[in-house]
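To keep things clear, I will list the structure first and then write my remarks on it.
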């Protein structure tokens, strides 16, 4: 039976943004029919609001309804030039730092890709918060599901085909 994947992307959050690279990536994957080549049932949840409350609510609600084997959340990282696979998400509560780690062997994954690296800092914004919230939900409900957050650089004519190739490779290895 094919694996069930939930892929998410964010909407824009700054007035000067025309689009969000995470959503541009999923749109390009669809447009080039690359998602259809993945041997999995793929559900897209695109343009999730960049909001600390709404983003986790929407992704977790979709996950609870779908019961996927894997949740792959994508967000934009304007300052990065490569795809980055986030190893963990952090949450500060009452002077105590809680760190949750993906159960996916991301070091093995990046070894097969040229324009992707591991990151140990998902940031301090909604991307990290969403990742932490989903990992916490999986842990606290003992779900048979894995989660990974991928930061996507701004896509250009120069890097688009390279990023698409690595993202396709990532999906192939995860299923």
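Under a no-solvent Debye model with one identical scatterer per Cα of the chain, what's log10 I(q)/I(0) at q = 0.10, 0.13 Å⁻¹? With no solvent term, the Cα-only Debye profile gives -0.34, -0.58. With a cut-off of 18 Å on the backbone N, the residues of segment 6-29 near the modelled label site 7 Å out from residue 161 along Cα-Cβ are 25, 28-29. Approximating the spin labels as points 7 Å out from Cα along Cα→Cβ, the residue 114-to-residue 81 distance works out to 1.5 nm. Computed from label points 7 Å out along Cα-Cβ, the spacing between residue 92 and residue 1 is 4.3 nm.
Rg/Rh for segment 63-111 stands at 1.02; both radii use Cα atoms, and Rh follows the Kirkwood definition. Springs between Cα atoms under 10 Å define the GNM used for the chain, and in it the highest mean-square fluctuation of 23, 121, 105 occurs at 105. Between the alpha-carbon centers of segment 84-98 and segment 101-152, tell me the distance in whole angstrom. Cα centroid to Cα centroid, the span is 11 Å. Beyond 21 Å, what share of the Cα-Cα pairs of segment 50-145 is found? Please give it as a whole percent. The answer is 35 percent, as a whole percent.
Read-outs: derived from the displayed coordinates by stated rules, not from any lab. All of these numbers come straight from a predicted model, not from anything done at the bench. Backbone-built Cβ (ideal geometry, glycine too); neighbour counts: all protein chains shown.
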